[in-house]
Ligand SMILES: Nc1ncnc2c1ncn2[C@@H]1O[C@H](COP(=O)(O)OP(=O)(O)OP(=O)(O)O)[C@@H](O)[C@H]1O
Ligand SMILES: [Mg+2]
């Protein structure tokens with residue numbers, strides 16, 4: 001059986017810059033897969049390309065075996081794939097409730113959307129208290145929760161989350177991961193998450209890809225990578241046992 | 001005092017025309033970052049659609065002679081179709097183009113529409129007798145007010161209220177506001193980009209059609225370039241109001257109407273010929289004090 005998501009030899013170019021060089025990855029139904037990598041590794045580009053926001057120059061992206069390359073983002077959303085982009089992209093002038101409704105219109109079934117919102121708000125009591133607020137007035141953590149809730153309103157099977165921890169306090173990050181894992185159970189989500197650091201991720205990810213310079217350096221089961229040496233080597237290009245190249249040069 | 005009130009009503013009527021035009025331009029700018037100078041020419045299309053296509057100087061009414069309700073429906077439909085055609089033929093293929101490219105494309109559309117009208121109707125201005133009954137003066141206390149000005153104001157308020165309800169209360173309206181704020185994010189959430197944009201063009205068409213009818217009733221003359229100054233003034237209104245803010249576009253339209261009317265009324269006669277220069281000087285002053293306009297939209301400020 002084909003994986004839920006397969007990315008094969010994906011390359012993306014921004015002008016002269018190759019942001020992704022023939023990157024491949026796959027995600028099976030029900031898995032939690034994480035992509036980690038330093039700034040500029042191409043993590044966001046990978047998720048944006050999968051969600052249809054960036055057009056690759058070559059390679060293939062298949063959802064349940066069907067190629068989705070070149071489709072518009074709104075079509076891909078209808079294939080039950082949803083992206084929580086980096087930086088959250090909340091509609092600040094809309095109310096919290098309207099932000100959530102946007103995610104539900106696609107279903108074309110008002111009753112189902114309303115029921116979905118009710119169910120979701122159970123996971124996000126802070127959002128329920130602020131339904132009528134302009135979303136711009138929410139704190140950073142609340143906005144991240146809104147971004148996740150709004151994406152889940154589209155009833156995805158595969159949820160892509162780009163750096164949910166960005167700019168948030170550790171306590172809030174823990175809350176957000178807790179909610180993501182709850183939602184994974186309740187809504188039967190498969191998760192593909194980007195992060196810069198492996199610290200939190202290793203605890204609950206099934207598998208990990210380390211991306212650097214637009215290419216996959218290492219992939220493996222989180223359990224096998226837990227000692228950190230392989231990840232460190234892939235992430236920085238040198239291991240903890242080696243001396244850093246800069247020092248050697250000096 | 002009575003004189004000033006009289007001018008104030010003139011200002012509100014002129015401001016209404018600018019505000020309606022500015023709303024049409026502002027709506028598309030919000031979603032597409034398109035500064036659509038061809039919006040003025042859609043107004044021209046609506047005006048010419050009233051008459052029989054011929055090069056005669058005195059126009060004979062065609063659609064314009066139908067019952068008012070039929071006229072409103074027919075002219076609105078024609079202008080909406082014209083607006084959708086400009087999207088399908090020009091702006092849709094340029095979806096990923098930069099704002100300057102889009103603006104230049106709108107100039108091209110503007111010239112194409114003007115030349116189309118020239119071909120079928122000739123270049124000379126035409127006198128037209130359309131709904132001239134609406135120009136009667138009615139007396140309110142010591143004021144004598146042309147009925148048309150009251151109609152203009154009422155139509156403007158109704159259209160603004162309808163647009164507000166649409167944007168706040170309907171799924172399509174909420175999607176349109178979301179797309180105006182962050183188009184790509186809206187698409188990620190399943191909002192169909194081309195549907196929202198098409199709807200925005202259709203609404204801008206309805207607004208342009210309303211201006212066509214109101215404006216022709218008042219001026220009684222048609223020229224193939226009549227929409228150009230309207231689009232220019234409306235664009236200025238959009239800028240004064242704060243690019244990307246619809247409330248700002250309306251405020252800017254009324255402010256501009258007020259300035260132009262009051263300059264016309266109170267400038268010494270020798271200087272009246274320079275009215276528009278004074279008006280634009282005032283606009284520059286407004287922008288020096290408030291560089292992002294009267295009611296800037298948060299999103300555009302961030303984006304620029
Ligand atoms: N729209 C764009 N135009 C031009 N270059 C871009 C664009 N988006 C990203 N890049 C470049 O592509 C490369 C990969 O960027 P990407 O955002 O995918 O990295 P990332 O792994 O998500 O980094 P971060 O951890 O900082 O979010 C970087 O060098 C970045 O500067
Ligand atoms: Mg990123």
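Read-outs: derived from the displayed coordinates by stated rules, not from any lab. Everything quoted here is computed from the prediction, not taken from an experiment. As a convention, Cβ positions derive from the backbone with ideal geometry for all residues, glycine included, and neighbour counts pool all protein chains shown.
Listing A:118, B:181, A:6 from fewest to most neighbouring C-beta atoms within 10 Å gives A:118, A:6, B:181. Expressed per residue, the C-alpha convex hull volume of chain B stands at 140 Å³. Among beta bridges identified by DSSP and lying wholly in chain A, the antiparallel ones come to about 55 percent.
Could you sort the peptides B:4-15, B:234-245 by per-residue average Cβ neighbour count (10 Å cutoff), highest mean leading?
Final packing ranking: B:234-245, B:4-15.
When each of B:274, B:258 is scored by the number of other beta-carbon atoms lying within 10 Å, the sequence from fewest to most is B:274, B:258.
Using every pair of separate Cα atoms, the Kirkwood estimate puts the hydrodynamic radius of the protein assembly as shown at 26.4 angstrom.
Each peptide among A:178-185, B:35-42 gets the average number of other Cβ atoms lying within 10 Å of its residues, and from highest to lowest they stand as B:35-42, A:178-185. What is the helix-to-structure angle for A:140-152, meaning the angle in degrees between its Cα long axis and the longest Cα principal axis of chain A, kept from 0 to 90 and rounded to the nearest 10? Orientation of helix A:140-152: about 80 degrees from the principal axis. Considering only alpha-carbon pairs that sit under 8 angstrom and 6 or more positions apart, the relative contact order computed for segment A:1-114 is 24 percent.
The angle between the Cα long axis of helix A:170-186 and the longest principal axis of the Cα atoms of chain A comes to about 70 degrees, rounded to the nearest 10. Separation of segment A:222-236 and segment A:64-129, taken as the distance between their Cα centroids, equals 34 angstrom.
Only bridges whose two residues both fall in the protein assembly as shown count here: according to DSSP, what percent of them are antiparallel, nearest 5? Present the calculation step by step, with values, prior to reporting the outcome.
On the way: 28 of 47 bridges.
Antiparallel bridges: around 60 percent, rounded to the nearest 5.
The C-alpha atoms of chain A define a longest principal axis, and helix A:110-121 lies at about 60 degrees to it. Which of these, A:108, A:214, A:167, has the largest mean-square fluctuation under a Gaussian network model of chain A (Cα springs below 10 Å)? Judging by the Gaussian network model, the answer is A:108. In this simple spin-label model, placing a label point 7 Å from the Cα along the Cα-to-Cβ direction at both residue A:78 and residue B:270 gives a separation of 6.9 nm. Restricting attention to segment A:91-218, close to 45% of DSSP beta bridges with both partner residues there are antiparallel.
Below 8 Å, C-alpha to C-alpha, sequence gap of six or more: please give me the relative contact order for chain B in percent. The value is 34 percent. Computed over chain A, relative contact order equals 25 percent, with contacts defined as Cα pairs under 8 Å that lie 6+ residues apart.
Counting only Cα atoms, chain A measures 61, 39, 36 Å along its principal axes, largest extent leading.
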